[in-house]
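The numbers here are math on the coordinates, done by the rules we state, and not lab data. It should be emphasised that the depicted structure is a prediction, and the values quoted were computed from it without experimental measurement. With ideal geometry, Cβ positions are generated from the backbone for all residues, glycine too; neighbour counts draw on all protein chains shown.
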Amino acid sequence: MSSNKNETRINILNATWQLMEQRQGQGVSMSNIAKKAGVSRQALYLHFDSRAELMIATVQYVDDIKGLNERLKLFHDAKTGIELLEACVDLWGSYIPEIYGLAKALLKTRDTDKDTNVAWNGCMAGLRDVCKKTIEELDKEGLLSSGWTKKEAIEMFWTIISIQTWEQLTIECKWTNEQYIQRIKTLLKRTFID
């Protein structure tokens, strides 16, 4: 891809990100994005075949900008189920505040906007995979509390660390992010580990 094409693509991704956050996902059309990026709708479609593709690319772009792959090293380096659990909460708990604007926009519109729903589901599938790996490791090590099936434990873990839970505790209840991380780790250990 030439330098100009790459620059245009980045402008489009930045415009999408900004509009999603500013409007909380409401009324973010391809026309609005093209105008904000300073390109024609035709140029927009030269870079992205569909709005869903653009939404997914925007999420991936934000993850790249925020260094998600480097951060995941903390999780990948964990050796035990307990280390995986702690790394997951440390990583995700510190990441949510950085992506909250875009995440909130996707979350707010996913029920009425099929394109943001596709992007949201992709993000949540990745988070669920991390929860699955953690619970499976705890189970393999014989640490998973006997009251849980793996499936139920994965679903509960995923729900406990949801953005909605973070939002409720940090924004509504005024917990600091550090309190959130430490208390969620304690809760998860008490919930899932014998």
note = Ordering 131-142, 11-22 by per-residue average of other C-beta atoms within 10 angstrom, highest first, gives 11-22, 131-142
inquiry  = Explain nothing, just the number: dipole magnitude of region 63-191 about its Cα centre with +1 on each Lys and Arg Cβ and -1 on each Asp and Glu Cβ, in debye rounded to the nearest 20.
reply    = 240 debye
request  = Provide the packing ranking of 37-45, 84-92, i.e. peptides ordered by the mean count of other C-beta atoms within 10 Å per residue, highest first.
outcome  = 84-92, 37-45
request  = Taking amide H positions as placed in the peptide plane 1.01 Å from N, state which residues far from Ile193 in sequence (5 or more) or on other chains have amide H under 5 Å from it.
outcome  = Ser145
request  = Kindly write out, for region 124-136 in residue order, the coupling ³J(HN,Hα) from the Karplus curve 6.51 cos²θ - 1.76 cosθ + 1.60 (θ = phi - 60°), rounded to whole Hz, with x marking Gly and Pro.
outcome  = 5, 5, x, 5, 5, 4, 5, 4, 4, 4, 5, 5, 4
task = Calculate one ³J(HN,Hα) per residue across region 64-81 by plugging θ = phi - 60° into the Karplus curve 6.51 cos²θ - 1.76 cosθ + 1.60, and present them in order as whole Hz with x for glycine and proline.
result = 5, 4, 7, x, 4, 4, 5, 5, 5, 4, 4, 6, 5, 7, 5, 9, 10, x
ask   = With the radius of gyration and the Kirkwood radius both derived from the Cα set of the chain, what is their ratio Rg to Rh?
value = 1.04
query = Along the charge dipole of region 3-49, which of Thr8, Ser31, Met20 sits closest to the positive end, that is, farthest toward it, with unit charges on the beta carbon of Lys, Arg, Asp and Glu (+1, +1, -1, -1)?
reply = Ser31
request  = Evaluate the distance, in nm, between pseudo-label points positioned 7 Å from the Cα of Ser50 and of Glu70 along their respective Cα→Cβ axes.
outcome  = 3.4 nm
inquiry  = How would region 3-49 be classified by its alpha-carbon gyration tensor: rounded, prolate or oblate, with rounded meaning a/c under 1.5 and the a/b versus b/c comparison settling the rest?
reply    = prolate
key: Prolate/oblate/rounded label for region 96-184 (Cα gyration tensor, a/c 1.5)   = oblate
task = Can you pull the one-decimal nm distance between simple spin-label points at Thr176 and Thr191, each 7 Å off the Cα toward Cβ?
result = 2.4 nm
request  = Compute the FRET efficiency between Lys5 and Glu98 as 1/(1 + (r/R0)^6), taking r as their Cβ-Cβ distance and R0 = 41 Å, and round to the nearest 0.05.
outcome  = 0.90
task = Mind putting a number on the dipole of region 3-49 about its Cα centre? Charges go on the C-beta only, +1 for Lys and Arg and -1 for Asp and Glu, and I need it in Debye to the nearest 20.
result = 120 debye
